[in-house]
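Let me begin by presenting the structure, written as structure tokens, before commenting on it.
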Amino acid sequence: MSLMVYKYIDIVGTSTSGIDEAVKNAFIEASKTVKNIQWGELGRVTFRLDENQSIEYQAEVRIGFKVERDAE
């Protein structure tokens, strides 16, 4: 019987459009280097204002993925 092992990473996605887009951007960027993404969890949501009072939304996202191992 083979056991599965999972790992997670915490990242922050950003967007000037909204929180949904910030979460989507986090997954898009993570999927460029992380394989087997299985789930996600939304954490804290924050925003930043620039000098023109434009808002940048920031979404902390925990991404879980299955760890792949070479066949033994």
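Can you confirm whether the range 10-23 contains a residue that is over 11 Å from Glu60 (Cα atoms), at pLDDT 95 or above and within 10 Å of the chain's Cα centre (by Cα)? No, there is no match, as no residue in the range 10-23 is over 11 Å from Glu60 (Cα atoms), at pLDDT 95 or above and within 10 Å of the chain's Cα centre (by Cα). Checking each residue in the range 1-24 for being open to solvent by less than 50 Å² (accessible area, probe 1.4 Å) and farther than 19 Å from Lys66 by Cβ picks out Gly13, Ser15, Gly18, Ala22, Val23.
Just to verify a result, which residue in the range 42-61, among those that are under 26 Å from Val5 (Cβ atoms) and more than 8 Å from the chain's Cα centre (by Cα), is least open to solvent (accessible area, probe 1.4 Å)? Please lay out each step first, then the result.
At the first step, the residues of the range 42-61 found to be under 26 Å from Val5 (Cβ atoms) are 42-43, 60-61.
Checking which are more than 8 Å from the chain's Cα centre (by Cα) leaves us with 42-43.
Numbers: Leu42: 96, Gly43: 43 Å².
Filtering the range 42-61 for residues that are under 26 Å from Val5 (Cβ atoms) and more than 8 Å from the chain's Cα centre (by Cα), the one least open to solvent (accessible area, probe 1.4 Å) comes out as Gly43.
Checked against (1) open to solvent by less than 50 Å² (accessible area, probe 1.4 Å); (2) touching a Ser or Thr at 6+ places or on another chain (Cβ under 9 Å), Phe65 meets all criteria but (2).
The values are calculated or read from the model by the stated rules, or taken from the named source; none is laboratory data. Quantities reported herein were computed from a predicted structural model and do not represent experimental measurements. Cβ sites come from the backbone with ideal geometry, for glycine too, and all protein chains shown count toward neighbours. SASA here: full protein model, heavy atoms, side chains in, ligands and nucleic acids out. Shrake-Rupley method; radii C 1.70, N 1.55, O 1.52, S 1.80 Å.
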